[in-house]
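Novice: Below is one structure. I have some questions about it.
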Amino acid sequence: MGVEEQRAGEFYVERDVMNELCLDKLARRRTHSTRPLLKERVKDSLRCSVPKLKRSVLSFIPILSWLPRYSVRQDALGDLISGISIGIMHLPMGLAYALLASVPPVFGLYTSFYPVLMYCIFGTSRHISVGAFAVTSIMIGTTTERLAPNSNFMILNGTNGTEVIDVVARDVARVQIAASTTLLSGIFLFLLGMIRFGFAVTFLSDPMVRAYMTGAGIHVVLSQLPSLFGIRVGRFSGPLSQVYVNICRHLPETNIAAVVVTLVALAVLIAVKELNIYYEKKMPVPVPIELITVIINEIHIDSVFEPHNSPLFRPLPFSPLLLSPHLPFLFILRLKAPRSPDVSMWGSVVGDAFVVGIVGYALNISLGKIFGQKHGYNVDSNQEMVAIGLCNIVGGFFQCHAIAASPSRTLLQDSTGGKTQVVGLISSVLVLIFILQLGSLFEELPKAVLACIVLVNLKGLFMQFKDIPALWKSNKVDLLVWLVTLVCTILLNLDIGLGASIGFSMLTVIFKTQLPRYSILGHVPGTELYLDTDTYEEVRRRKIPGITIFRSSTTMYYTNAQLYLDALQEKSGIDIGMLLMKKKKRDTEEKRKDEKEKNKAKKEAKKVQLHIQHISSRVKIETLSLCQSKVNWGFEQQGNGFDQDSKTDIHGDDHITQMSSTGREGEMGRSSVNDTHTIILDLSTANFADTATVKTLKNIFLNYRKIDIDIYLTGCQVCVVEQLSSAGFFSESIPKSCLFATIHDAVLHCLRLSPFMLCYITEHKIPPRNTTIKLPKIFVSHLRCVV
């Protein structure tokens, strides 16, 4: 097609000018609502039938709907390969993320088993991989270390009398705190999902969620620095500067062996992961370097630890808790029943539980919708909330910590051919085998290696810093939300930072409605379109004289109603307040002059009456002999009276002339300021009308009509018209006929009242009277109807 694009074609419509009344009659508007009454809806919701029960069960347990239709031939191989890959990835991630949650590593494996099974049954997304994740794990770890710090479990060593940490008692307490928090967050999500509260995720914008995850990733890095350097520092949740000071203060205590292991592990993990990305298309599955690193470390653990007898570089105690009678564990031949967490802790963790649940749900629904759109299926936000809630509830009974969807595992599941949640079942079986058969191989796990695994898997979170240049080009308000969320998450911690981020994000929405774009529209030549005069040169040149078309880019409501009025005055150039004041002043002045002239006329009439009475009395006293002379004198006085009356009449004429001149001067003064006789308000962007909107529109109609300017509304949606009618907006002074379907209808209606204005649109010179103008057919067809 070259530089010039192909014309899309032409169309011609011949119809009458449509106001709201004509449109209702033509389209046969319903006089009653088709929506059932509230009573009927309640009855229908409580009515039970077999099809309705079946739909409810299938929607609540989605596995019953997709598993019977599972295609072994098409999906089994991809799900098997993906399930093995995800299971292998679950193992090191579960062990490492347990370190973030400040619980023994085995509980990370439990978190990768029980909740994953629950999501396979109740989840609606086919591709996301739930389980332990860095963001929710660090949030749980912050709570556990706040309520169960090391200082609460210091005991005296009977050998040398020094204080040491009772690791078993501390870990028991932290596991109970993590389980209680997880259970409570699951209850929150389950109840919110049952009352269909899934829409709440819409308040979490994508820039805010991505920045929050990036800030949480920074918290994860800071929490792992002590493990990387082999130093002991209590987790701090305050400002970032104090964290740096706290870590730098203990840097002289750095363990050299821990630093060497950290550097070697980071080098190997990063190199192999980059090779996995580079040869992604050539390898069916990526190399499980995290698991290989952990196994190699276990094989050579004794040779590493013997020369460095450091309590911080010593392996994590895995087996003592297995022998503790306080906690249930899985064994080959023994399975203890789940145990209810300590509900007495709920008062201390209620805020943390709610935030953890919302963050986990936000991550799940974000990834679920992304992959749902990619593969062409819907993800039910309410059912997702129920599913994540049940995962956390069941996980809380089995001493797991809160779960969320992992972006890295989800991408791996999609890239390796996983198509259903059978992948989760296969990975759960693999994790179960690992727990039962190979768990004893991992009784000694160094923190440094686990910390390296955590940091390497945070690459995806830190790659989100690329959002900054992209948002700078596309939307600077979203960039501001991104930056503020990042700063709040880092400085205010994860719970308070989330609340502050949501509040700021909502403020930006209000800010956008407070500063919309107000435009004056002009006519596009040869069309029925009207565009912004500030944007289009030809439209600016084609403004219709006497008609102002005003539009706001957002709906008008109570917070911006006054701004709408101010913008209308500014854009139209009509200072309604000043004109009303001048009119009132002019009316007062004219009234005062009228009163003055009336009083002066009364005085003149009174003088004439007194003079006539005086003459009559003198006539009665005169003698009959002077009758002829008195008659002549009477005629003479009558002539003088006529002269006075003539003078009075002339004075009255002068008054009338002055008044007419004053009126014309007033009209000329108003016209010289602005020659607008009609204002059309385009309300096509409005989606509701509150009381402030109704009052504002009423005031516009009443005030502008006082200065002889007509007001018309166009483009009102049906819901807006109904709300205006319910609020009593329409009356004899504001009839429904002042609403028009389009701007063009309103313009043609105004031009019909002044046909010679059509010459402006048709580019004809104003002809003499009784001259026929040859107009385009579209204008003739519009003008043939009397509205």
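Any read-out appearing in this document is the output of simple, stated calculations on the displayed coordinates, not a laboratory observation. These numbers come from a predicted model, not from an experiment. With ideal geometry, Cβ positions are generated from the backbone for all residues, glycine too; neighbour counts draw on all protein chains shown.
Novice: Can you list the lysines whose alpha carbon sits under 17 Å from that of Lys543, skipping same-chain ones fewer than 8 residues off?
Specialist: Lys571, Lys765
Novice: Do the alpha carbons of any pairs in Lys25/Lys698; Lys582/Lys706; Lys584/Lys736 sit beyond 18 Å of each other, and which pairs?
Specialist: On the way: Lys25/Lys698 25 Å; Lys582/Lys706 12 Å; Lys584/Lys736 29 Å.
Those over the limit are Lys25/Lys698; Lys584/Lys736.
Novice: Here is a further query. Give the cross-link partners of Lys447 among the lysines, using a straight C-alpha distance below 30 Å as the criterion and excluding same-chain residues fewer than 8 apart.
Specialist: Here the lysines satisfying the reach criterion relative to Lys447 are Lys273, Lys336, Lys459.
Novice: May I pose another question? Mind checking which lysines have their Cα closer than 16 Å to the Cα of Lys603? Skip sequence neighbours fewer than 8 apart in that chain.
Specialist: Hits, sequence-local ones excluded: Lys593, Lys647.
Novice: Just add up the charged neighbours of Thr181: K/R +1, D/E -1, any other residue whose Cβ is under 15 Å from the Cβ of Thr181.
Specialist: Numbers: positive: Arg146, Arg174; negative: Glu145, Asp342, Asp352, Asp495.
Taking every other residue near Thr181 into account, the sum is -2.
Novice: A further question on this structure: Which ³J(HN,Hα) values in Hz, rounded to whole numbers, follow from the phi angles of region 724-740 under the Karplus curve 6.51 cos²θ - 1.76 cosθ + 1.60, where θ = phi - 60° and Gly and Pro get x?
Specialist: Result, ordered by residue: 5, 5, 5, 7, x, 6, 7, 7, 5, 6, 10, x, 5, 6, 7, 9, 10 Hz.
Novice: So, one more: In region 49-167, with Lys and Arg counted as +1 and Asp and Glu as -1 at Cβ, which of these residues, Ser125, Tyr97, Tyr70, has the Cα nearest the positive end of the dipole, that is, farthest along it?
Specialist: Of the listed residues, the answer is Tyr70.
Novice: Net charge near Lys598, counting Lys/Arg +1 and Asp/Glu -1 over other residues with Cβ under 14 Å of its Cβ? Mind showing how you got there, number by number?
Specialist: On the way: positive: Lys591, Arg592, Lys593, Lys596, Lys600, Lys602, Lys603, Lys606; negative: Glu590, Asp594, Glu595, Glu597, Glu604.
Net local charge, Lys598 excluded: +3.
Novice: Using packing as a proxy for protection, rank 419-430, 167-178 so that the peptide with the highest average count of other Cβ atoms within 10 Å comes first. Walk me through the intermediate numbers first.
Specialist: Numbers: 419-430: 23.5, 167-178: 21.6.
Ranked from most to least packed, the peptides come out as 419-430, 167-178.
Novice: In whole Hz, what ³J(HN,Hα) sequence does region 165-175 give by Karplus (6.51, -1.76, 1.60; θ = phi - 60°), x for Gly and Pro?
Specialist: 8, 7, 5, 5, 5, 5, 5, 4, 5, 5, 5
Novice: How would you order 51-60, 356-365, 198-207 from highest to lowest mean count of nearby Cβ atoms within 10 Å? List each step's numbers first, then the result.
Specialist: Details: 51-60: 11.6, 356-365: 26.4, 198-207: 15.9.
Going by the mean number of other Cβ atoms within 10 Å, highest first, we get 356-365, 198-207, 51-60.
Novice: About its Cα centre, what dipole magnitude does region 1-142 give when the only charges are +1 on Lys and Arg Cβ and -1 on Asp and Glu Cβ, stated in debye to the nearest 20?
Specialist: Details: 17 positive and 11 negative charges, 215 e Å.
That gives region 1-142 a dipole magnitude of about 1040 debye.
Novice: For the cross-link pairs Lys43/Lys419; Lys583/Lys695; Lys512/Lys695, which exceed 31 Å when the distance is taken from alpha carbon to alpha carbon?
Specialist: Details: Lys43/Lys419 40 Å; Lys583/Lys695 23 Å; Lys512/Lys695 22 Å.
Long pairs (Cα-Cα over 31 Å): Lys43/Lys419.
Novice: Also, I was wondering about something else. Place a +1 charge on the Cβ of each Lys and Arg in region 405-497 and a -1 charge on the Cβ of each Asp and Glu, then give the dipole magnitude about the Cα centre in debye, rounded to the nearest 20. Could the numbers behind the result be given before it?
Specialist: On the way: 7 positive and 6 negative charges, 70 e Å.
Magnitude of the dipole: close to 340 debye.
Novice: If Lys and Arg each add +1 and Asp and Glu each add -1, what is the summed charge of the other residues whose beta carbon sits under 14 Å from the beta carbon of Phe122? Working shown, then result.
Specialist: On the way: positive: Arg126; negative: Asp380, Glu384.
Summing Lys and Arg as +1 and Asp and Glu as -1 gives -1.
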